Amino acid sequence: MEDETRELVAVPIVPIIDESIIPKKGLKNEDPLEQEFPVVEMFYSIQGEGFHVGVPSIFIRFGGCNLACSWCDTKFDEWENITLRQIVEKLESWDCERIVFTGGEPALQDLETLSQVLHPLGYSLAIETNGTIELPEGVVDWICVSPKNQLYTSVKIRQCVGDELKVVWVGQKLSMYDDLVAGFTHHFLQPMYEESKDAAWNGINFQNTNEMVKSNPKWRLSLQTHKWMGVE
Ligand code: SF4
């Protein structure tokens with residue numbers, strides 16, 4: 001099976017973000033509904049990439065991340081601390097039972113309390129994580145790990161099992177995921193997409209990732225369709 005490194009636009013090794021700006025977990029409260037969480041935004045949309053592409057989902061974007069990827073297009077450094085009661089009230093304004101925790105890095109949050117409150121309300125919980133923080137068992141129903149260790153020489157992936165392994169392909173050897181693939185049911189390669197670049201620049205990444213998947217058919221292609229539609 002081909003596993004060559006193709007030349008793509010150089011992606012710099014980037015530093016891990018200063019941990020002092022990561023929001024602290026809200027203090028445990030006797031009433032979990034009064035516990036606070038740092039929320040950047042909540043919105044109802046369609047899952048645009050990966051296994052659940054096309055599935056209506058509510059996204060909760062939590063503040064803070066422990067990494068600082070060069071292509072990151074999410075504004076996770078400005079959030080509002082709101083209670084879980086406020087989160088539930090907002091959730092109830094949408095007719096959807098699938099929630100995706102995203103960020104930033106949602107594994108920084110108190111997932112046990114979120115599960116304790118949201119599961120009995122009938123919500124299915126998915127998480128999109130960079131995999132650097134091991135998740136507590138049984139708190140979410142779908143785990144998507146999108147490792148960024150191709151960018152960070154010192155980062156270790158600690159969440160090594162899940163449903164979906166989604167790799168942003170920037171030219172790295174796929175053999176670097178040999179220890180991870182067995183722990184996941186579905187495997188996706190996704191081209192890096194930079195909104196600041198033009199269609200030709202991004203098109204090279206699309207085409208190269210397409211060729212990489214054809215050469216490594218155990219992986220599937222994931223495209224960020226929500227970006228084409230111009231929705232979140
Ligand atoms: S891990 Fe995700 S949210 Fe964090 S900086 Fe990288 S791309 Fe952005």
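Where a number appears in this text, it was derived from the coordinates with a stated rule and is not lab data. What you see is a predicted model, and the numbers here were worked out from it, not measured in a lab. Cβ coordinates were reconstructed from backbone atoms using ideal geometry, including for glycine residues, and neighbour counts include every protein chain displayed.
Points to keep in mind about this one:
- The Cβ shell under 12 Å around Ser115 holds other residues with a net charge of -4, Lys and Arg each +1, Asp and Glu each -1.
- Scalar couplings 3J(HN,Hα) for segment 103-112, obtained by applying the Karplus form with A = 6.51, B = -1.76, C = 1.60 to θ = phi - 60°, are x, x, 10, x, 5, 6, 8, 7, 5, 4 Hz; x denotes Gly and Pro.
- Cut-off under 5 Å, modelled amide H: who pairs with Ser124 long-range: Arg98, Ile99
- For Ile46, the residues whose amide H sits under 5 Å from its own are Ser57, ignoring neighbours fewer than 5 places away on the same chain, with H placed 1.01 Å from N.
- Taken one residue at a time, the phi angles of segment 133-138 give Karplus couplings (6.51, -1.76, 1.60, θ = phi - 60°) of 10, 5, 7, x, 6, x Hz. Gly and Pro are set to x.
- By the helix-only formula, in which each DSSP H run with n ≥ 4 contributes -39500 (n - 2.57) and the sum is divided by residues, the chain has a 222 nm mean residue ellipticity of -5000 deg cm²/dmol.
- Taking Gly203, Gly171, Gly50 as the candidate residues, the one with maximal mean-square fluctuation in a Gaussian network model of the chain, Cα springs under 10 Å, is Gly203.
- Convex hull of alpha carbon positions in segment 19-229: directionally averaged projected area 11.8 nm².
- Considering only Ile99, Ile204, Ile58, the Gaussian network model of the chain with Cα springs below 10 Å gives its largest mean-square fluctuation to Ile204.
- Comparing Cα centroids, segment 102-173 and segment 200-232 end up 21 angstrom apart.
- ³J(HN,Hα) computed for each position of segment 39-46 - Karplus, 6.51 cos²θ - 1.76 cosθ + 1.60, integer Hz, glycine/proline x: 10, 7, 6, 10, 8, 9, 8, 10
- Ignoring lysines fewer than eight residues from Lys227 along the same chain, the ones with Cα atoms less than 29 angstrom from its Cα are Lys75, Lys90, Lys148, Lys166, Lys173, Lys197, Lys214, Lys218.
- Residues with amide H under 5 Å from that of Glu41, placed H, sequence gap 5 or more: Arg61
- Considering only segment 19-229, percent of DSSP beta bridges that pair antiparallel, nearest 5: 30
- For segment 19-229, a crude dipole built from +1 on the beta carbon of Lys and Arg and -1 on the beta carbon of Asp and Glu, taken about the Cα centre, is about 800 debye to the nearest 20.
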